[in-house]
């Protein structure tokens, strides 16, 4: 029998991407609402009640309201918003995080999909804190750039109408919404300095973390060991240097590629992570989590 899935907010950027990945699958039956019902509380409640799993592609407050509607229902939830990412009652939906995380997702009633920047940062940081190679109170500086689709419909419109031209930095007050989950799941106590940017291209993301006095070989070995056998996360060989890093290299995949770059001799090391902000950074991760929760091959549709 196919599982019934309701995407609450299916007309948004992430919702549309998830819907496209699920359409045509014979193991999934999508529950959809007519346009005039999408904000109707009764119609949404009925859709939640019918669904085996609902995926919330909503602003934070609306996601909290949806979770409250489902409180007494058997419906399982995947939340793509920021609302529940550090909530202890929700399982963090990064299967590659640590031993047992995939099993926790499989058994969970509530799963919080990671943020795109956070997925990159946590993927680099967590194996190193677990291995004792990165101090929990390390003063980290991160730089990231994403395609403009990461900003949703409003930002997409700004770029595609020509209202905005070129790249720009943002969140310069150092309160980016992904920092709490980076710290919590990266196991770091000191808030990183994070300089994010939006690029004048649609999709693709790179996050880099600069370290001084680092042992590149040891860092690389820890990352390679952590992700050994991983289906979607790969670690580039240490000696595989590239003159240019392309944030679009993983586009249209659910892949995440990690690298240890820089000058190993001087200990000036740059940790690098590349993914598709619409793939492993959003909709692909949601579908991967959905597959795990339903007991299916986690790569189905990816």
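No value in this document is a laboratory result; all are computed from the given coordinates. Note that the coordinates shown come from a computational prediction; the quantities given were computed from them, not determined experimentally. Quick reminder, even Gly has a Cβ in these numbers, built from the backbone with ideal geometry, and neighbours come from all protein chains shown.
Structure notes:
- Euclidean distance between Cα centres, segment 205-230 to segment 138-178, Å: 25
- For segment 12-70, the relative contact order is 28 percent, taking Cα pairs closer than 8 Å that sit 6 or more residues apart in sequence and dividing their mean separation by the residue count.
- The long axis of helix 216-226 is offset from the longest Cα principal axis of the chain by roughly 30 degrees.
- Taking the C-alpha atoms only, the angle from helix 60-69 to the longest principal axis of the chain is near 40 degrees.
- Shape class of segment 17-143 from the alpha-carbon gyration tensor: prolate, with a/c at 1.5 or above and a/b greater than b/c.
- Packing rank of 99-105, 293-299, 183-189, 237-243, where each peptide gets the mean count of other beta carbons within 10 Å, highest leading: 183-189, 293-299, 99-105, 237-243
- Bridge type composition, the chain - antiparallel percent by DSSP, nearest 5: 45
- Relative packing of peptides 130-137, 192-199, 264-271 - highest average C-beta neighbours within 10 Å first: 192-199, 264-271, 130-137
- Crossing angle, helix 116-130 versus the chain [Cα axis fit, 0-90 degrees, rounded to tens]: 50
- Protection proxy ranking, highest mean first, for peptides 148-154, 31-37, 71-77: 148-154, 71-77, 31-37, where packing is the per-residue count of other beta-carbon atoms within 10 Å, averaged.
- Value of Rg/Rh across the chain [Cα atoms, Kirkwood radius]: 0.97
- Taken over the alpha carbons of segment 116-277 as equal point scatterers, the Debye sum produces base-10 log I(q)/I(0) values at 0.12, 0.20, 0.21 Å⁻¹ of -0.51, -1.35, -1.45.
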